[in-house]
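What follows is a single structure, written as structure tokens, with notes after it.
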Amino acid sequence: MKKGKMKYLVAGEVLLLFALFVIYYMGNNKIKGGEEARYANSSKTENMEDAEVVATEGPTEKFIKWVDFNVNYTALNDAYKADFETYQSDVHIDWIQLLSYLACRNGGNFQKYKTSDLTKVVNQIKKKETTMEELCKEQKYYEYYHDCYEAILGGFVGEYQVETGETDGKVAKTWETKYGLKAFLPIAKNFPYSDFDDFGVSRSYGYKRKHLGHDMMGQIGTPIVAVESGYVEALGWNQYGGWRIGIRSFDKKRYYYYAHLRQNYPYASNLSVGSTVTAGDVIGYLGRTGYSAKENVNNIDTAHLHFGMQIIFDESQKEGNNEIWIDCYNIVRFLYQNRCETAKVSDTKEWKRIQNMKDPIVEKYNNSK
């Protein structure tokens, strides 16, 4: 056989083998399309506790691995008002269900959202022409959006108690039960700040990376408050974030990251890893630390709070390549309506909240420990 023909035969066999390999690989690794591509399987076999989960729930568990949260401020506010105004009525409209339904209708894109889109649905439900359950059951991706929005917003609205009342000019410790927004803006009331939507812009310190948080520029020493009730999961120095605090929500779905805190006195004195905090508690003070492997260094040019929200559906997503950080600019705008007022503690560097609050989930968590 001539060398030319032999060369073509060998090349043909190589191509055939490659084609068979591709067919085999694709057959055993089918890629799901659409919304289903946002889920992954997680094997839980790292310890005995996880092994028990495997025994009761099977070897794998499906969880969401990607979220693109772009619900704008207007939609958040409209949905919250509908929830708040119907709380004690015959038909209570849950704001997360409402947002999830709207997301199904617009493909998760709220850029063209109009208040009338929500008002029409709310009026139909109020008139009992339909129910939220009926509207949602026909939506193919409702479960996905609801799981996402519940993970992001689940701790923001609910019942709580505030300290109130006054007798003969003296404050009496009476507690009033309320319902509504119980999450707070991270900057304390009466302290100025400026911001813009800077999520995803480039960062160069250490290595090229995207900005996965929201910067709020303000004055050094400005009290920083806990957005949501939870427990301190991280506290200390990080060469990128400087002095920083990481607080986990009790359902473990949200991790709040507060970074670049004040030099020398970054935290509230009573905080340590494992501490329980109530939404609105002062947890630290705005500064410009970070961008240094050496502790307690001011290497940030402009004093600001770096505020980040990480969403966690499975513990494998907590650290590594599978982390989910969301753009929280519109969430910060929404939370502006609920700012916690603070007062200076005499002869100290501390600030404390003026009005105390009881969050039922804090008591529940403390009792479960």
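The values are calculated or read from the model by the stated rules, or taken from the named source; none is laboratory data. On a predicted model such as this, the values are computed, not experimentally measured, just so you know. As a convention, Cβ positions derive from the backbone with ideal geometry for all residues, glycine included, and neighbour counts pool all protein chains shown. Accessible surface is based on the protein model in full, side chains and every heavy atom, while ligands, DNA and RNA are left aside. Shrake-Rupley method; radii C 1.70, N 1.55, O 1.52, S 1.80 Å.
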Accessible surface of the range 223-369, 1.4 Å probe, proportion on carbon and sulfur as whole %: 43
Accessible area of Asp197 in the full protein assembly, 1.4 Å probe (Å², nearest 10): 70
Exposure ranking of Ser229, Ser368 by accessible area [1.4 Å probe, largest first]: Ser368, Ser229
Evaluated at q = 0.15, 0.19, 0.22 Å⁻¹: base-10 log I(q)/I(0), Debye formula over Cα of the range 59-141: -0.56, -0.84, -1.07
Accessible-area value, Arg288, 1.4 Å probe, nucleic acids and ligands omitted, Å²: 70
Fraction in percent of alpha-carbon pairs per bin - 5 Å, the range 69-114: 5, 24, 31, 21, 11, 6, 1
Residue-normalised accessible area of the range 262-361, given per residue in Å² at a 1.4 Å probe: 47
Extension reserve of the Lys178-Thr348 stretch, reckoned as 0.36 nm per residue once the Cα distance is removed: 57.9 nm
The range 313-367: projected area of the alpha-carbon convex hull, averaged over directions, in nm²: 7.2
Rounded to the nearest 10 Å², the accessible area of Leu235 at probe 1.4 Å: 50
Selection from Met216, Val277, Thr302 lying farthest towards where the dipole of the range 184-330 points positive, charges on Cβ: Thr302
Distance cut-off 23 Å, percentage of C-alpha pairs in the range 274-363 lying past it: 48
Gain upon complete extension [Gln161, Met217; 0.36 nm per residue less C-alpha separation]: 17.0 nm
Within the accessible area of the range 68-195 (1.4 Å probe), percent carbon and sulfur: 42
q = 0.17, 0.19, 0.21 Å⁻¹, the range 198-319: log10 I(q)/I(0) [Debye, one scatterer per Cα]: -0.83, -1.03, -1.25
Amide N of the range 80-114 lying under 13 Å from the label point, which is placed 7 angstrom from the Cα of Thr74 along Cα→Cβ: 110-114
